[in-house]
Amino acid sequence: MSITGPGSITAANVAAQTNMMQQLDMLGQELGTGQAAQTYSQLGSQAGVAVALGAQLSDINGYTSTANTIGTTLTIEQSVLGQLNSAGTTVAQSVEQQGGFSLNNTGQTNMQVSAASYLNQIVAFLNTQAGGNYLFSGSAVNQPSVVSSNEILNGNGSQAGLTQLIAERQQADLGTGQMGRLTVAVTGAGSNDVTVSQDGSPFGFQLASVTSNLTGATVNQPSGSPPSLSVDLGSNPNNGDSIQFNLTLPDGSSQTITLQATTNATPGTNQFTIGSSASATAANLQTALQTSLSNLAQTALPAASAIAAANDFFEVPPQIVDPSSAPNYAAATSLVTGTSANTVMWYTGENGGTPALQTATAQVGPSITVDYGMRATEPAITSLLANVAALAATTFSASNPNAQASYVALSQSVVGSLSGQPGTQTISDMQADIANAQTMVTNATQFNTQTQSTLQDMLQGIEGINENQIGENLLTLQNNLSASMAVTARLAQLSLVNFLGSVAG
């Protein structure tokens with residue numbers, strides 16, 4: 001008879017218990033990680049699908065992170081644009097509501113001093129950063145967008161600021177004849193032709209047209225190079241007849257001089273006396289037109305000149321009165337491009353050919369790309385800068401009897417421009433672009449969330465576990481292991497003596 005020893009039985013039981021312990025460890029690991037396999041090889045034929053789903057999920061997670069970052073940037077951009085818009089509105093309203101005309105010791109009104117403060121705020125807004133990036137520098141995100149407001153107004157060493165450039169431009173626009181670069185002469189065989197001529201420069205008044213209902217007069221519209229117009233008085237006009245000279249000012253605005261014929265020996269404002277002959281009347285018309293041009297050159301022209309100088313300064317690169325004409329800017333004949341040697345370069349960001357909005361682009365979804373770049377050189381911003389800066393940079397002389405009229409003209413021009421001109425970009429237009437980008441980011445985020453959920457469910461179906469099933473398996477194994485260990489323990493205590501004793505009993 002062969003008897004199997006307890007040692008061999010115990011060894012078999014221990015091996016079985018070891019196997020069950022390993023199964024328990026694996027089930028515990030699966031329960032802890034929620035994964036049915038620790039390596040793709042353990043997934044068998046589903047491994048390739050799991051890899052592909054994991055890659056897609058990683059991409060979606062990346063898009064979601066980018067969308068969150070861009071969403072924050074867009075919120076900051078929208079806030080800054082709102083502040084810029086508010087600054088422009090506040091300046092316009094303050095100008096409209098200002099009190100009387102009173103100059104301080106620097107030749108400025110209190111409103112102009114306030115305008116300088118607003119300009120400082122605007123510059124600070126334009127140098128706003130998000131995540132360490134300057135928002136209004138185009139693609140040069142590490143570079144500040146704009147130099148300081150003090151440098152813009154007052155220059156930097158040999159680099160002229162706007163205050164100096166406005167003074168030079170006003171001299172150039174007024175001209176040596178003090179009539180905005182126009183000359184008025186009486187010509188013709190009978191000395192009855194009144195001719196108005198430009199000097200060929202881009203400065204001062206530009207002749208637009210002439211409209212007449214003077215009896216017996218023949219008018220010739222501006223033509224030639226440089227342009228000139230003429231009024232031929234074939235006979236004396238009637239009392240009350242009038243003529244209108246339409247002019248374009250340096251900032252693009254228009255002015256009309258209307259002169260009326262009168263029989264009064266002493267004509268009133270904007271009138272000319274009908275003389276004893278057509279030639280005498282022509283001489284009176286010449287005098288009246290010269291007077292009106294001189295008055296306009298001292299009131300509306302300086303204001304338009306300041307706006308024009310500011311508009312040119314905030315171009316990139318800036319346009320300035322030819323420095324070679326200094327110090328006699330009244331005789332200047334051309335505008336030239338300012339250089340970093342003689343003019344403050346107010347914008348310090350990137351200014352390439354790519355549209356501003358496209359200088360910053362981010363992919364926030366599998367097929368959704370958002371453009372959110374901005375430059376301080378966008379028309380709506382340069383218009384804001386130019387008008388506020390022109391108000392802040394222009395000075396007036398208390399001894400000038402036309403100072404108040406010129407200041408009123410400047411104020412009205414600033415208010416009109418800050419209120420927005422038809423067909424031009426506004427801050428609101430920029431806000432609409434950013435709002436559209438925000439909508440795209442919101443839609444992308446929603447899509448990403450839905451896609452994440454779907455991919456995670458699919459991946460869970462392959463890599464995931466059934467917790468209930470794992471629990472049942474764990475309980476079964478624990479029971480089996482407990483029973484096996486109890487049997488093994490009893491066998492381990494069984495000796496030959498005990499065995500024979502049990503048989504004999």
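The values are calculated or read from the model by the stated rules, or taken from the named source; none is laboratory data. Owing to the predicted nature of the structure, the values given are computational and were not obtained by experimental measurement. Positions of Cβ are backbone-derived with ideal geometry, glycine not excepted, and every protein chain shown enters the neighbour counts.
Annotations for the structure displayed:
- Residue 273 meets the conditions (1) free of Cβ contacts under 8 Å to residues at least 24 places away in the same chain; (2) surrounded by fewer than 18 Cβ atoms within 10 Å (Cβ to Cβ) in every case but one. The failed one is (2).
Residues are listed down the side, and each one gets a yes or a no for (1) modelled with pLDDT of 95 or more; (2) under 23 Å from residue 307 (Cβ atoms); (3) in contact with a helix residue (DSSP H, G or I) (Cβ under 7 Å, 6 or more places away or on another chain):
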{"position": "201", "(1), (2), (3)": "yes, yes, no"}
{"position": "209", "(1), (2), (3)": "yes, yes, no"}
{"position": "219", "(1), (2), (3)": "yes, no, no"}
{"position": "223", "(1), (2), (3)": "yes, no, no"}
{"position": "239", "(1), (2), (3)": "yes, no, no"}
{"position": "247", "(1), (2), (3)": "yes, yes, no"}
{"position": "264", "(1), (2), (3)": "yes, no, no"}
{"position": "267", "(1), (2), (3)": "yes, no, yes"}
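- The condition (being out of contact with any Pro (no Cβ under 7 Å at 6 or more places or on another chain), under 22 Å from residue 346 (Cβ atoms), surrounded by fewer than 18 Cβ atoms within 10 Å (Cβ to Cβ) and of a type in the set (Gly, Ala, Ser)) is satisfied by just one residue among 117, 79: 117.
- Qualifying residue in segment 317-337 (condition: under 25 Å from residue 150 (Cβ atoms) and among the charged types (D, E, K, R)): no
- Strands (runs of 3 or more DSSP E) completely within segment 175-248 that count 2 or more residues being under 18 Å from residue 301 (Cα atoms): 183-187, 193-197, 206-212, 242-248
- Residue count for segment 251-270, restricted to those that are buried (at least 18 other Cβ atoms within 10 Å of the Cβ) and out of contact with any Pro (no Cβ under 8 Å at 6 or more places or on another chain): 8
Yes/no per residue for (1) of a type in the set (S, T, N, Q); (2) within 29 Å of residue 115 (Cβ to Cβ); (3) in contact with a helix residue (DSSP H, G or I) (Cβ under 8 Å, 6 or more places away or on another chain); (4) in the same structural domain as residue 295 (by TED's automatic domain parsing):
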site	(1), (2), (3), (4)
376	no, yes, yes, no
381	no, yes, yes, no
386	no, yes, yes, no
392	no, yes, yes, no
398	no, yes, no, no
419	yes, yes, yes, no
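- Put simply, of 329, 407 the only residue that is among the hydroxyl-bearing types (Ser, Thr, Tyr) and either at pLDDT below 95 or in the same structural domain as residue 92 (by TED's automatic domain parsing) (or both) is 407.
- Per the conditions (1) out of contact with any Phe, Trp or Tyr (no Cβ under 9 Å at 6 or more places or on another chain); (2) buried (at least 18 other Cβ atoms within 10 Å of the Cβ); (3) of a type outside the set (Lys, Arg); (4) over 14 Å from residue 193 (Cα atoms), the sole criterion not satisfied by residue 233 is (4).
- Residues that are buried (at least 17 other Cβ atoms within 10 Å of the Cβ) and closer than 19 Å to residue 306 by Cα, drawn from segment 82-114: 88, 91, 92, 95, 103, 108, 109, 111, 112, 114
- Residue in segment 127-135 that is of a type in the set (Phe, Trp, Tyr) and outside any helix (DSSP H, G or I) present: yes
- Residue match in segment 407-422 (condition: buried (at least 17 other Cβ atoms within 10 Å of the Cβ) and without any contact (Cβ under 8 Å) to a residue 12 or more places away in the chain): yes
- The set of residues from segment 323-376 being part of a strand (DSSP E or B) and in contact (Cβ under 8 Å) with a residue 40 or more places away in the chain comprises 335, 343, 347, 362, 363, 364, 365, 368, 370, 371, 375.
- Checked against (1) at pLDDT 95 or above; (2) among the β-branched types (Val, Ile, Thr); (3) surrounded by fewer than 19 Cβ atoms within 10 Å (Cβ to Cβ), residue 187 meets all criteria but (1).
- Condition met for residue 209 (within 27 Å of residue 413 (Cβ to Cβ) and touching a residue at least 40 places away in the same chain (Cβ under 8 Å)): no
- Check on residue 289, aliphatic (A, V, I, L, M) and crowded, with 20+ Cβ neighbours inside 10 Å: yes
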